[in-house]
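Encoded as structure tokens, the structure appears first; notes follow it.
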């Protein structure tokens, strides 16, 4: 009788201490991590990466090109070209005004 009581106590301890109940959302996240869909990094490393990304957004992104009286701006990140500066009479032309950087 004593052996049965010890075995039951041991089984209850193993079941309660060895298992943790996880909800479906947490289980799905763990499975995505195991399959390589997510990568875990420390919060401080993530902060450094965010700062570097913000710094890199504006550095050297735009190039200015001058052709005659027109000045064009090239966005090197997207490849988009727009008209930055030209004469007042040139801006009045619809085909020129639609190319303005402020228009896009």
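The values are calculated or read from the model by the stated rules, or taken from the named source; none is laboratory data. Quantities reported herein were computed from a predicted structural model and do not represent experimental measurements. So basically every Cβ, Gly included, is an ideal-geometry build from the backbone, and we count neighbours across all protein chains shown.
The condition of being at positive phi, touching a residue at least 12 places away in the same chain (Cβ under 8 Å) and out of contact with any strand residue (DSSP E or B) (no Cβ under 8 Å at 6 or more places or on another chain) does not hold for residue 79. Does residue 33 meet the test of being modelled with pLDDT of 85 or more, farther than 22 Å from residue 100 by Cα and surrounded by 10 or more Cβ atoms within 10 Å (Cβ to Cβ)? Yes, satisfied.
When you go through 74, 40 one by one, which is the residue that is part of a strand (DSSP E or B), without any contact (Cβ under 8 Å) to a residue 24 or more places away in the chain and either exposed (fewer than 10 other Cβ atoms within 10 Å of the Cβ) or under 26 Å from the mean Cα position of the chain (by Cα) (or both)?
Exactly one residue qualifies, and that residue is 74.
When segment 2-27 is filtered for residues that are outside any helix (DSSP H, G or I) and at pLDDT below 80, the ones remaining, listed by number, are 19, 20, 21, 22.
Applying the set (1) exposed (fewer than 10 other Cβ atoms within 10 Å of the Cβ); (2) under 30 Å from residue 85 (Cα atoms); (3) modelled with pLDDT of 85 or more to residue 60 leaves exactly one unmet item: (3). When the residues of segment 78-97 are filtered to those that are loosely packed, with under 11 Cβ neighbours inside 10 Å and in a loop (DSSP other than H, G, I, E, B), the one that is modelled with the lowest pLDDT is 78.
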